[in-house]
Amino acid sequence: MTKKPITRKEEIVQTAEILFKKKGYSAVTMRDIAQAMGIKAASLYNHIQSKQQILSEIIIKIGEDFTEGMAEIVNAELSSIEKLEKIIGLHVKITMKNPSRMATMNNDWMHLEEKIDYYLQLRRNYEESFRQILKQGIEKQELKAVNPEIILFSILSTLRSLYLWIPKKEEIRQEDLLHALGKVLLTGIAK
């Protein structure tokens with residue numbers, strides 16, 4: 001299967017996400033993006049309205065990817081442990097494919113303007129679905145009776161920071177990371 005060529009707009013977004021990861025959204029200008037692409041800043045506006053639009057496209061796309069993945073997991077006929085394994089897999093796959101976008105989502109979401117309410121609703125819904133899986137697992141005695149908020153915080157903190165670690169570990173295969181991370185997060189390291 002041949003890959004379709006990316007559009008100029010997609011190229012702008014990809015360039016911006018790398019710069020946002022490196023410097024942070026606030027420190028990057030449209031001129032910086034244009035310079036990184038070897039074009040004039042004015043020509044960016046033929047393809048994109050603003051830096052805010054770029055940020056919104058990056059963050060909302062990732063947020064919607066997580067939301068769609070979580071909906072599939074919630075609706076699957078699986079045990080709570082299997083659902084948690086799928087959630088970990090979802091994070092690993094999305095992060096390995098998009099480390100720069102994940103950095104932008106984690107570090108710069110608060111700079112969203114008109115789309116911030118939509119993003120925060122996606123995030124709340126995702127976390128509530130995750131919380132419900134944990135509560136069901138505790139009720140069914142598939143998980144230890146630990147406060148679900150502590151479990152949620154512990155697992156999500158690790159998953160949300162994968163973008164920092166993955167690019168430094170190129171030798172780790174996705175399948176190995178999925179297996180090992182699931183084992184550590186869900187069963188711990190004690191013998």
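The values are calculated or read from the model by the stated rules, or taken from the named source; none is laboratory data. Values in this document were obtained by computation on a predicted structure and should not be read as measured data. Backbone-built Cβ (ideal geometry, glycine too); neighbour counts: all protein chains shown. Side chains are part of the model used for accessible areas, which takes the heavy atoms of the whole protein and leaves out ligands, DNA and RNA. Shrake-Rupley method; radii C 1.70, N 1.55, O 1.52, S 1.80 Å.
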Any idea how many residues of region 152-191 are among the aliphatic types (A, V, I, L, M), open to solvent by 100 Å² or more (accessible area, probe 1.4 Å) and modelled with pLDDT of 90 or more? 0
Kindly check whether there is at least one residue in region 172-188 that is small (Gly, Ala, Ser) and free of Cβ contacts under 8 Å to residues at least 12 places away in the same chain. yes
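Of all residues in region 23-40, which are free of Cβ contacts under 8 Å to residues at least 12 places away in the same chain, of a type outside the set (S, T, N, Q) and loosely packed, with under 15 Cβ neighbours inside 10 Å?
So in region 23-40, the residues free of Cβ contacts under 8 Å to residues at least 12 places away in the same chain come out as 23, 27, 31, 34-35, 38-40.
Within this subset, residues satisfying the condition of being of a type outside the set (S, T, N, Q) are 23, 27, 31, 34, 38-40.
Passing the criteria: Lys23, Ala27, Arg31, Gly38, Lys40.
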Among the residues of region 139-151, are any crowded, with 16+ Cβ neighbours inside 10 Å and within 19 Å of Gly69 (Cα to Cα)? no
Scanning for something without any contact (Cβ under 8 Å) to a residue 24 or more places away in the chain and either among the hydroxyl-bearing types (Ser, Thr, Tyr) or in a loop (DSSP other than H, G, I, E, B) (or both), does region 127-136 turn up at least one residue? no
Please work out if Leu78 is at pLDDT 95 or above and crowded, with 19+ Cβ neighbours inside 10 Å. no
Those residues of region 73-90 which are without any contact (Cβ under 8 Å) to a residue 12 or more places away in the chain and not small (Gly, Ala, Ser), in sequence order: Asn75, Glu77, Leu78, Glu82
Sole miss for Gln132 among (1) open to solvent by less than 30 Å² (accessible area, probe 1.4 Å); (2) out of contact with any Phe, Trp or Tyr (no Cβ under 8 Å at 6 or more places or on another chain) is condition (1)
Return a yes/no flag: does region 50-68 have any residue that is over 11 Å from the mean Cα position of the chain (by Cα) and within 19 Å of Ser157 (Cα to Cα). no
Exactly one of (1) aliphatic (A, V, I, L, M); (2) at pLDDT 95 or above; (3) open to solvent by 10 Å² or more (accessible area, probe 1.4 Å) is unmet by Met96. Its number? (2)
Under the condition of being of a type in the set (A, V, I, L, M, F, W, C) and surrounded by 17 or more Cβ atoms within 10 Å (Cβ to Cβ), which residue from region 99-121 is farthest from the chain's Cα centre (by Cα)? Leu112
Leu78 passes all but one of the listed conditions (1) more than 28 Å from Ile151 (Cα to Cα); (2) not in a helix (DSSP H, G or I); the exception is number (1)
Looking only at residues that are charged (D, E, K, R) and closer than 13 Å to Met105 by Cα in region 41-65, which one is surrounded by the most Cβ atoms within 10 Å (Cβ to Cβ)? Glu57
Is region 89-96 home to any residue that is among the charged types (D, E, K, R) and under 26 Å from Leu134 (Cβ atoms)? yes
Residue count, region 66-83, condition of a type in the set (S, T, N, Q) and closer than 17 Å to Trp109 by Cβ, comes to 1
What number of residues in region 1-22 are part of a loop (DSSP other than H, G, I, E, B) and either in contact with a Lys or Arg (Cβ under 6 Å, 6 or more places away or on another chain) or crowded, with 18+ Cβ neighbours inside 10 Å (or both)? 0
